[in-house]
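Below you'll find the structure, written out as structure tokens, and then a few comments.
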Amino acid sequence: MLENYPIEFRGSVFTFLVLYIKNNTIDVVKKAIYKKIQSAPEFFKNASIILNVSFLNSSVNWNDMQYAIRSTGLRIIGISGYIDSILKKIIMRSGFPIFPEGKNFLNNINYIDKNNSLKYKKLQSKIITTPVRSGQKIYVNHSDLIVINNVSTGAELIAGGNIHVYGAMRGRALAGVHGDKTRNIFCTKFFAEIVSIAGEYLLFDQISDDLLGNGVHIFLKNHVVYAHLLI
């Protein structure tokens, strides 16, 4: 009976860029977005984003702000962050959904509460031994992701833990997606389109030529993503 039903709801996981707006001045924000887009035009082209408005207040002209952002080619799919109560009403009237902010998760630990006692369960790493093709997306929630093969351009690796690639890494790697800033990415042959740790990004155009094709360690320090040669 259900197989003939015209619709079906299913849970899924998606990874989106979050754009933090830290200035109420529309022209300043618009120019900053254009400058960022120019650094990696193919990556940002028609990108779907969640807009974080924690730094804004009700004095901002919301209609003009969201129009200016959309005019750059970015597609706003929702709003997040602590929102001024007046601004929240304005945003809701404009039809955008409001998402709760992501929560941080502790290092590779799953909490289980049984009989009022707290226990800890170590999560196993996910190991992939086949090539990761363009268009494929591999996601692991809180554990490490280990790929013992090549990752093609257009493929995406997403992990709450660390990411290890023992092969050519040409796609995207996003580690610590729940906000854990201690996570790392390791690649034996580094050509990645983009790497990210805890929401902070490093784009291909920002990567030094001497790192390409070599073993690289990517880590986060003071909100900046660094890539160093593996010794």
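No value in this document is a laboratory result; all are computed from the given coordinates. What you see is a predicted model; the values in this text were computed from it and never measured. Positions of Cβ are backbone-derived with ideal geometry, glycine not excepted, and every protein chain shown enters the neighbour counts.
List of remarks:
- Mean separation of Cα pairs under 8 Å and 6 or more residues apart, divided by the residue count, gives the chain a relative contact order of 11 percent.
- Extreme residue, positive dipole direction of the chain, given options Thr130, Ile77, Leu212 (C-beta unit charges): Ile77
- In the chain, the calculated helix contribution to ellipticity at 222 nm averages -4500 deg cm²/dmol per residue, counting -39,500 (n - 2.57) for every DSSP H run with n ≥ 4.
- This ranking places Met92, Met169, Met65 by how few other beta-carbon atoms lie within 10 Å of each, fewest first, which gives Met92, Met65, Met169.
- The range 17-99 - percent relative contact order, Cα under 8 Å, separation 6 or more: 34
- For Ile207, distant residues with modelled amide H under 5 Å away: none
- Against the main long axis of the alpha-carbon atoms of the chain, helix 26-39 sits at an angle near 30°.
- Of Lys31/Lys189; Lys30/Lys126; Lys36/Lys126; Lys126/Lys181; Lys22/Lys181; Lys35/Lys181, those spanning more than 30 Å from alpha-carbon to alpha-carbon: Lys31/Lys189; Lys30/Lys126; Lys36/Lys126
- Ile79 long-range amide H proximity, modeled H, under 5 Å: Leu51, Ile98, Phe99
- J(HN,Hα) series, the range 194-209, from Karplus relation 6.51 cos²θ - 1.76 cosθ + 1.60, nearest Hz, glycine and proline x: 7, 10, 8, 10, 6, x, 9, 10, 10, 8, 4, 5, 9, 8, 5, 4
- Neighbour net charge for Met169 - beta-carbon separation under 13 angstrom, K R +1, D E -1: +1
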